[in-house]
1. Kindly indicate whether THR435 is closer than 21 Å to VAL283 by Cα, away from the ligand (no atom under 16 Å from the Cβ) and under 21 Å from the mean Cα position of the chain (by Cα).
2. Select from region 267-282 the residues that are part of a helix (DSSP H, G or I) and over 21 Å from LEU397 (Cα atoms) and write down the one among them that is most open to solvent (accessible area, probe 1.4 Å).
3. For region 232-251, enumerate the residues that are surrounded by 24 or more Cβ atoms within 10 Å (Cβ to Cβ) and within 10 Å of the ligand (Cβ to nearest atom).
4. Kindly list, by first and then second residue, each pair from a residue in region 434-453 that is in a strand (DSSP E or B) and at pLDDT 95 or above to a residue that is hydroxyl-bearing (Ser, Thr, Tyr) and surrounded by 15 or more Cβ atoms within 10 Å (Cβ to Cβ), limited to pairs with Cβ atoms under 9 Å and residues at least 6 apart or on different chains.
5. So ARG59 clears everything in (1) within 21 Å of GLY197 (Cα to Cα); (2) in contact (Cβ under 8 Å) with a residue 40 or more places away in the chain except one condition, right? Which one?
6. Would you point out which residue out of ASP264, ASP259, ASP304 is in contact with a strand residue (DSSP E or B) (Cβ under 9 Å, 6 or more places away or on another chain), part of a helix (DSSP H, G or I), open to solvent by 60 Å² or more (accessible area, probe 1.4 Å) and farther than 22 Å from GLN378 by Cα?
7. Which of (1) over 30 Å from CYS169 (Cβ atoms); (2) within 16 Å of the ligand (Cβ to nearest atom) does PHE258 not meet, given it meets every other one?
Amino acid sequence: MKHFSQYIDGAFDAGSARFDSVNPATGEVWASMPAASAGDVDRAVRAAHRAFVDSDWSRMTASARGRLLWKLADLVEQQAPRLAELETADTGKIIRETRAQIGYVAAYYRYYAGIADKLQGAHLPVDKPDLEVFLRREPLGVVAAIVPWNSQLFLSAVKIGPALAAGCCIVLKASEEGPAPLLEFARLVHEAGFPPGVVNILTGFGADCGQALTAHPLVARIAFTGGPETARHIVRNSAANLAVTSLELGGKSPVLVFDDVDVDSVCNAIVAGIFAASGQSCVAGSRLLVQHGVRARLLARLADRARAIRIGDPADPATEMGPLATRRQREHIETVVAASLDAGARLVTGGVTPAGAGNYYPPTILDCASASTPCVAQELFGPVLSVLGFATEDEALRLANDSEFGLAAGVFTRDLARGHRLVRGIRAGIVWVNTYRAVSPIVPFGGYGLSGLGREGGFEAVLEYTRTKSVWINTSDAPVPDPFVMR
Ligand code: TXE
């Protein structure tokens, strides 16, 4: 049994209460985690506020901040195998994916390390004589970051990286599901040498820890990834501190496939889009929209490919798909799949929960006759692909936009003009054409509609952790004129 600590004000502590963490592949308790109380949250936010207002951090040059972030990136890279093992043990995400993703986490920290000393204000050519006006770009203050259980190291890098590059301090709440890699990451923050209070990492439950954090009066910025229901709660909660808030909330992303494509190559992209991370990914391409001419061929090919996926122990490098992170998540998927079959969907493959330990669920494809089938409308956050056919480009676009979400979309066609028309028409924050799932630190990430507010990744994400201050300087030696005479 492993024991993890939380990290507050530069020190590790066990927390006042604890809870057990279950390995999703075995169903066994393997680690004990701190459950942060409202008091722990208050301590962490006050430490972050002190660090922001008056500390080595608040006096540090932007270049020195960048160097610290760079050091953190190096440590993440050095410790990647250990962090990957912990993430696999605590979330069931397969070791191939955790290793690859943690390499990317280091790249995100490096990208933001480089931006720290490139944030600039501006000089404004104001329309008045004898006045110099410039804008200072200043950090917002204390950031409350909340992440869910999928990809915790990655989802926190896209918050911690820009927040620190901008000069903010941060209190991050890991999810109560699978927090081990983030609590271990806190050790790297410590080793990198960030002054106490600059980064605080807690884990605990939404109702007490999450609630106390997002309503804290000293919080100036909230960065959240999770479900839309929690997001609504957080936005209501933030009425207390009027914090600037960004929300990244998943999706029901469409993948549009036209008759002119190469079926084998598209098949690989679709499989990666929906079955990677067992479908527990905000950008999962979970709605396949396929033109009638290629529908039967593509479905047969996809079914063969899905059946060939090696499902098993997530810690085995040969495994291609692991369990779901929680039993609750699997039960939700079982319910929606059953309702979809009742509503007339045809089971192409999968759909049957295997016997035995662990939260396993097979790669599943449902061919649906109507957009109102439950699996087409709801985000399942699991390895379930819902398929709808279409005849024309207009129909494909209408179906693609028929969702309250709008995070990502894929378009597969060899017709360049059609590709561009669809890029313009699709309501989503990311559109991939003839590829799927590509990400980069340099490219913003975020959604339309219920997929959220704000952007993570890329340069503009750092600006969302800053505000401007307008400074007016009188350069004239003349006395200040009579205030009752307009000039
Ligand atoms: O998320 P929650 P869950 C979607 C996906 C999934 C559903 C629910 O469809 O099935 O959301 O997932 C914290 N105040 N996505 O239950 O509950 C909580 O402790 C403050 C999409 O995991 O939103 C955790 O740290 N915080 C998504 C975090 O919010 C609160 C990824 C997320 O939990 C809180 C995950 C409160 N009142 C789920 N209540 C994506 N964008 O990738 C809970 N939390």
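The values are calculated or read from the model by the stated rules, or taken from the named source; none is laboratory data. A quick note: this is a predicted structure, and the numbers were derived from the prediction, not measured. FYI the Cβ positions are ideal-geometry reconstructions off the backbone, even for glycines, and counts take in every protein chain you see. Only protein heavy atoms, including side chains, enter the accessible area calculation; ligands, DNA and RNA are left aside. Shrake-Rupley method; radii C 1.70, N 1.55, O 1.52, S 1.80 Å.
1. yes
2. Just the residues of region 267-282 that are part of a helix (DSSP H, G or I), to begin with: 267-279.
Next cut, over 21 Å from LEU397 (Cα atoms) only: 268, 271-272, 275-279.
Details: ASN268: 87, VAL271: 16, ALA272: 45, PHE275: 8, ALA276: 23, ALA277: 13, SER278: 6, GLY279: 2 Å².
Only one residue fits best here, namely ASN268.
3. GLU248, LEU249, GLY250, GLY251
4. These pairs meet every condition: GLY449/SER403; GLY452/THR225; GLY452/SER246; LEU453/THR245; LEU453/SER246.
5. Evaluating ARG59 over (1) within 21 Å of GLY197 (Cα to Cα); (2) in contact (Cβ under 8 Å) with a residue 40 or more places away in the chain leaves (2) as the failure.
6. On the way: ASP264 fails: in contact with a strand residue (DSSP E or B) (Cβ under 9 Å, 6 or more places away or on another chain); ASP259 fails: part of a helix (DSSP H, G or I).
Residue meeting the stated conditions: ASP304.
7. (2)
Here's the yes/no breakdown for (1) touching a strand residue (DSSP E or B) at 6+ places or on another chain (Cβ under 9 Å); (2) part of a loop (DSSP other than H, G, I, E, B); (3) free of Cβ contacts under 8 Å to residues at least 60 places away in the same chain:
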residue: ALA315; (1), (2), (3): no, yes, no
residue: PRO323; (1), (2), (3): yes, yes, no
residue: ARG330; (1), (2), (3): no, no, yes
residue: SER340; (1), (2), (3): yes, no, yes
residue: LEU347; (1), (2), (3): yes, no, yes
residue: VAL352; (1), (2), (3): yes, yes, yes
